[in-house]
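Asks: A single structure is presented below for examination.
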Amino acid sequence: MERKVFQLGDIVQMKKNHPCGSNEMEIIRMGMDIRIKCVGCQHSVLIPRAKFEKNMKKVLRSKNAGEESQESNEK
Ligand SMILES: [Zn+2]
């Protein structure tokens with residue numbers, strides 16, 4: 001099972017799209033719970049870390065790394 005690496009400020013893709021149609025969420029708070037903000041509609045939600053890790057598909061853009069070097073896990 002692959003380990004998911006994410007950090008504050010990252011833009012992540014969740015398994016399910018947000019009702020507004022966007023699937024990009026920004027991590028705006030990290031702790032025991034994680035707060036993410038929808039890039040499309042700016043709505044933010046607080047979810048438990050375990051649930052977040054389960055529902056996150058992948059990191060789209062890492063704030064610090066800038067251009068994310070893609071690992072070879074296409075499909
Ligand atoms: Zn939204």
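Asks: If I model a spin label at LYS16 and ASP33 as a point 7 Å from the Cα along the Cα→Cβ vector, what separation in nanometres do I get?
Replies: In this crude spin-label approximation the distance works out to 1.8 nm.
Asks: Could you calculate the contour length gain from ASN64 to VAL45, that is, 0.36 nm times the residue separation minus the distance between their Cα atoms, to one decimal place in nm?
Replies: 4.6 nm
Asks: Neighbour counts of other C-beta atoms within 10 Å: give me VAL39, VAL5, VAL45 arranged from fewest to most.
Replies: In order of increasing Cβ crowding within 10 Å: VAL5, VAL45, VAL39.
Throughout, read-outs are computed from the coordinates displayed, never taken from laboratory work. Everything numeric here is computed off the predicted structure, so don't read it as measured data. Every residue, glycine as well, gets a Cβ built from its backbone with ideal geometry; the counts of neighbours run over all protein chains shown.
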